[in-house]
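See below for the structure under consideration.
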Amino acid sequence: MSAPPIKERKPVKDMQKVFHYTDTMSRKPTRDNDPYEYMAGFGNRHQSEVIPGTLPAGQNNPQEPRFGLYTEGLTYSAFVAPRYANFSTYMYRVRPAAAHNGYKGEFPNKANIENCFLTLNPKVATLAEQGEWLPFPLPEENERIDLVDGLHTLGGSGDPNLREGIALDVFMINADMDHRALCNTDGDFLIVAQLGNLDIQTEMGKLFLQPGEICVIPRGIRFAVRLAAGHHVARGYITEIWGSRWELPDLGPLGGHGLANPRDFLHPVAFIDEELHEDWSIVHKINGVYNAIQQDHSPFDLVAWHGNVVPYKYDLTKFSSQNATSVDHTDPSVNCVLTAASRDPVTPLADFLWFGPRWDVASNTFRLPYFHRNSATEFLASLYGNGLGRSDDFLPGGGSVETSFTPHGNFSQEYVWEMRNQVNEPRKILESMLISSVCSIGMND
């Protein structure tokens, strides 16, 4: 009896069609069109140099740094924080950030951002039900909108002055940040690309971001967002957290591996602008208000750096999902990519979740999400493909929200079929789809 023919595996190059990143059959840690090199490992202390030998050995602040550079420290945490919670980076740059021409008052802009979600703020209303947005409108061709102008707040909770809270923003842009950088002093930005490729320059180096990827810009780091070559418009989502930082969730009984693995988080390598002596504006977001520093040189002039306050990115198609293999529908916590702690030791401030292609195999079980009422408010965004929304209008580029303890589920024909006709056979679900979700206790509209 002859052996069955061998099926040849062929790489899948359309990243919106892969079931998992491994379908690409690539050994590269990045997609084929990513032009940059990175350093891997979540939570590591990294170091990088444009010119080898720039970093001092055995100390952080030498009397004379090499090449006439200036030492500048960036302290993210309290000085006396325990070692596991102590975050800082040393930078060796052409000019210190203190070399500027002064602050300019409130910076004129077209953004619509909000930071205070306390009941005393008359601009904030509490949504006590479900809500849904069609794809957020892209800028008109006759207007120039970069990230500074293209930020719009949907909702949140808390206040950055209380050092606890969250804001959920969307951005729609059609222009580069031209000779201006943004520095968020309120909190960390978690940026989710939905439409268009982004070329993000940070003080520590460059990141290439495209739909299906996320990046985190820690508080206090300067960065500029530009449209990648061949892209003229972009849209995405930003989750901003105050008084906390994004961490990998504990795995508990899963052991040492699964969900988002640390080795798949990528950090930039040092990069310095070719043109350093040009006029720049550094836009600071402070308590939800833009102010700006004017200076005659580029903020991206680091020749070397070392530390653990570093931007990073992650490809959501690498997520190693964990689900039920016998019965019942597993809680969405098994889809947690990153989590941010709150002052309540048993309740996170926010969780960032992944919903993407996976196998569904539970037996004798209604496999769709059952009707439920959760304490957390959940914002759901379709990055590509259609599925998992509240209605047929849930399209890529839009979003939906289920506020705390709002009853929700689905009355579709698929629901009826699942209940009465389901066959206990393994199946792939959410193929060619990718949905992100942010869950937070007490998030308001």
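Residue count for region 269-304 satisfying the condition of being in contact (Cβ under 8 Å) with a residue 24 or more places away in the chain and in a loop (DSSP other than H, G, I, E, B): 16.
Within this structure, Glu141 fails the test of being farther than 19 Å from Gln194 by Cβ and open to solvent by less than 60 Å² (accessible area, probe 1.4 Å). As for region 320-327, it holds at least one residue that is of a type outside the set (A, V, I, L, M), at pLDDT 95 or above and in contact with a strand residue (DSSP E or B) (Cβ under 9 Å, 6 or more places away or on another chain). From the list Leu134, Leu120, Leu74, Leu138, the one residue that fits, being in contact with a Phe, Trp or Tyr (Cβ under 8 Å, 6 or more places away or on another chain) and on the phi < 0 side of the Ramachandran plot, is Leu74.
Tallying residues that are surrounded by 11 or more Cβ atoms within 10 Å (Cβ to Cβ) and part of a loop (DSSP other than H, G, I, E, B) within region 26-51 yields 15.
Taken over region 54-84, the criterion of being exposed (fewer than 10 other Cβ atoms within 10 Å of the Cβ) and either in a strand (DSSP E or B) or not acidic (Asp, Glu) (or both) is satisfied by Ala57, Gly58, Gln59, Gln63, Gly68, Phe79, Val80, Pro82, Arg83, Tyr84.
Return a yes/no flag: does region 199-219 have any residue that is of a type in the set (A, V, I, L, M) and modelled with pLDDT under 95. For region 199-219, residues of a type in the set (A, V, I, L, M) and modelled with pLDDT under 95: absent. Of the strands (runs of 3 or more DSSP E) entirely within region 208-268, those holding at least 3 residues that are farther than 19 Å from Ile435 by Cβ occupy 222-227, 234-242, 266-268. Scanning region 111-120 for residues that are within 13 Å of Gly288 (Cα to Cα) and either open to solvent by less than 60 Å² (accessible area, probe 1.4 Å) or touching an Asp or Glu at 6+ places or on another chain (Cβ under 7 Å) (or both) yields Ala111, Ile113, Glu114, Asn115, Cys116, Phe117.
In this structure, is Val233 touching a residue at least 40 places away in the same chain (Cβ under 8 Å), under 19 Å from Leu302 (Cβ atoms) and open to solvent by 10 Å² or more (accessible area, probe 1.4 Å)? No.
In this structure, does Gly158 turn out to be in a strand (DSSP E or B) and either more than 27 Å from the chain's Cα centre (by Cα) or buried (at least 17 other Cβ atoms within 10 Å of the Cβ) (or both)? Yes; evaluated as a whole, the condition is true for this residue.
When region 154-190 is limited to residues that are without any contact (Cβ under 8 Å) to a residue 60 or more places away in the chain and touching a Leu at 6+ places or on another chain (Cβ under 7 Å), the one that is farthest from Phe300 (Cα to Cα) turns out to be Asp176. A search for C-beta distances below 6 Å between a residue of region 200-228 that is at positive phi and any residue that is open to solvent by 10 Å² or more (accessible area, probe 1.4 Å) and of a type in the set (Phe, Trp, Tyr), counting only pairs 6+ apart in sequence or on different chains, returns Gly205/Phe271.
For region 241-278, a tally of residues being within 28 Å of Glu49 (Cα to Cα), open to solvent by less than 40 Å² (accessible area, probe 1.4 Å) and of a type outside the set (A, V, I, L, M, F, W, C) returns 5. Run Lys123 past the list (1) closer than 28 Å to His267 by Cα; (2) in contact with an Asp or Glu (Cβ under 8 Å, 6 or more places away or on another chain); (3) surrounded by fewer than 16 Cβ atoms within 10 Å (Cβ to Cβ) and report the number of the one that doesn't hold. Of (1) closer than 28 Å to His267 by Cα; (2) in contact with an Asp or Glu (Cβ under 8 Å, 6 or more places away or on another chain); (3) surrounded by fewer than 16 Cβ atoms within 10 Å (Cβ to Cβ), only one is false for Lys123: (1). Scanning region 126-138 for residues that are open to solvent by 20 Å² or more (accessible area, probe 1.4 Å) and closer than 30 Å to Arg343 by Cβ returns Thr126, Leu127, Ala128, Glu129, Gln130.
Only strands (runs of 3 or more DSSP E) wholly contained in region 305-409 count here; list those with 2 or more residues that are under 30 Å from Ala85 (Cβ atoms).
312-315, 336-341, 348-355, 376-384
Among the residues of region 305-347, those that are touching a residue at least 60 places away in the same chain (Cβ under 8 Å), aliphatic (A, V, I, L, M) and farther than 15 Å from Gly252 by Cβ comprise Val309, Val310, Leu316, Val337, Leu338, Ala340, Ala341. Identify the residue in region 1-25 that is outside any loop (DSSP other than H, G, I, E, B), of a type outside the set (D, E, K, R) and open to solvent by less than 80 Å² (accessible area, probe 1.4 Å) and, among all such residues, is nearest to Lys318 (Cα to Cα). Ranking the qualifying residues of region 1-25, first place goes to Tyr21. Candidates in region 407-425 are the residues that are open to solvent by 90 Å² or more (accessible area, probe 1.4 Å) and under 20 Å from Ser363 (Cβ atoms); of these, the one that is modelled with the lowest pLDDT is Glu414.
The values are calculated or read from the model by the stated rules, or taken from the named source; none is laboratory data. Please read these numbers as outputs of a predicted model, since none were measured by experiment. All Cβ positions, even for glycine, are placed from backbone atoms using ideal geometry, and neighbour counts span all protein chains on display. Surface areas here come from the heavy atoms of the whole protein model, side chains and all, with no ligands, DNA or RNA. Shrake-Rupley method; radii C 1.70, N 1.55, O 1.52, S 1.80 Å.
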